[in-house]
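Handing you a structure now.
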Amino acid sequence: MNTERPYNVLFLCTHNSARSLMAEACMNNLAVSRGRFKGYSAGSHPSGRPNPFALDQIQRAGLPIEGIRSKDWNEFTLPGAPQLDFVFTVCDNAANEVCPVWPGQPMTAHWGVPDPSNVEGDDEQKRRAFADTYRILALRIGLFASLPIDKLDRLSIKKKLDEIGKS
């Protein structure tokens, strides 16, 4: 695995409007990951705009929302795109889709999290759903960022990633 630059991590979700955006923001601002990892997000069928409750949750977590946008996963197959080291699907739909061939053969894992956008109810119930989803993602990202990746072989890393996804 790479040790000369931060590890690039792509979080995928079909619409790239909530879970993957929260994961991207968390990865880029988690103290243990800063400098070691760079988070990105994308979707197979991006909505074109972030879910307002996702943006609200990112801000409630004390993270910046500047630069957070819904984007197509094809951006990461174009010349000049960052070379990906890890690709995590955070929704079941994206996990079942045929993903592009990522240059460099990044390690992949499925970290499915329920879609908070599907929660019905008043704004407070929706905020709670987004907060719960964010907590799950932040826990998984924290565990992942704590792994001694530079000391593990590819098979060991894959096993750990799958274990984290089940937590």
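Coordinate-derived values only; no laboratory data. Bear in mind that the values here come from a model prediction, so they are computed numbers and not experimental data. Because the Cβ atoms are built from the backbone with ideal geometry, glycine has one as well, and the counts that use them run over all protein chains shown.
Most exposed first by the Cβ proxy, i.e. fewest other Cβ within 10 Å, how do MET27, MET22 rank?
Numbers: MET27 28, MET22 33.
Ascending number of Cβ neighbours within 10 Å: MET27, MET22.
Hey, another quick one. For THR108, list long-range residues whose amide hydrogen, built 1.01 Å from N in the peptide plane, is under 5 Å from its own amide hydrogen.
VAL87
Starting from 0.36 nm per residue, how many nanometres of slack lie between GLU75 and VAL119 once their C-alpha separation is accounted for?
Values: separation 44, 0.36 × 44 = 15.84 nm, distance 2.96 nm.
Contour length minus Cα-Cα distance gives 12.9 nm.
Continuing with this model, one more query. Helix 154-165: angle to the longest alpha-carbon principal axis of the chain, degrees 0 to 90, nearest 10?
Between the helix axis and the principal axis of the chain, the angle is about 10 degrees.
Using amide H atoms built 1.01 Å from N in the peptide plane, name the residues 5+ places from TYR7, or on other chains, whose amide H lies under 5 Å from its own.
Those qualifying (amide H under 5 Å, at least 5 residues apart or on another chain) are PHE37, LYS38.
Now for a separate question. What lysines does LYS159 reach when the alpha-carbon gap must be under 18 Å and sequence neighbours fewer than 8 apart in one chain are set aside?
LYS151
Let me ask something else. By how many nm would the segment from ARG135 to SER156 grow when fully extended, if each residue of separation counts as 0.36 nm and the alpha-carbon distance is taken off?
Working: separation 21, 0.36 × 21 = 7.56 nm, distance 2.53 nm.
Full-extension gain reported as 5.0 nm.
Can I ask one more? Ranking CYS13, CYS91 by Cβ neighbours within 10 Å, fewest first, what do you get? Don't jump to the answer; show the numbers that get you there.
Details: CYS13 33, CYS91 26.
Fewest-to-most Cβ neighbours within 10 Å comes out as CYS91, CYS13.
Select from LEU78, LEU12, LEU137 the residue whose mean-square fluctuation is largest in a Gaussian network model of the chain (Cα-Cα springs shorter than 10 Å).
It is LEU78.
Round to the nearest 10 and give me the degree value, 0 to 90, for the angle of helix 123-146's Cα axis relative to the longest principal axis of the chain.
10
Write out the GluC sites (Glu not before Pro) in region 71-152 meeting two conditions: DSSP loop, and at most 12 other Cβ atoms within 10 Å of their Cβ. Mind dumping the intermediate values first?
Working: sites: GLU75, GLU97, GLU120, GLU124; in loops: GLU97, GLU120.
When the GluC sites (Glu not before Pro) of region 71-152 are filtered for loop state and at most 12 Cβ neighbours within 10 Å, GLU120 remain.
Something else about it: Treating the angle as unsigned and between 0 and 90°, give the value, to the nearest 10°, between the Cα long axis of helix 19-29 and the longest Cα principal axis of the chain.
Value to nearest ten degrees: 60.
Follow-up question, since we're still on this one. Would you list, by chain and number, the aspartates and glutamates whose Cα falls below 19 Å from the Cα of LYS160, excluding same-chain residues fewer than 8 positions away?
Answer for LYS160, where 19 Å is the Cα cut-off: ASP85, ASP150, listed by chain and number.
Can you sort THR14, THR77, THR89 so the residue with the fewest Cβ neighbours within 10 Å comes first? Walk me through the numbers on the way to the answer.
Numbers: THR14 23, THR77 15, THR89 26.
Listed from fewest to most nearby Cβ atoms, that is THR77, THR14, THR89.
Springs between alpha-carbon atoms under 10 Å, Gaussian network over the chain: tell me which of SER47, SER70, SER20 tops the mean-square fluctuations.
In the Gaussian network model the winner is SER47.
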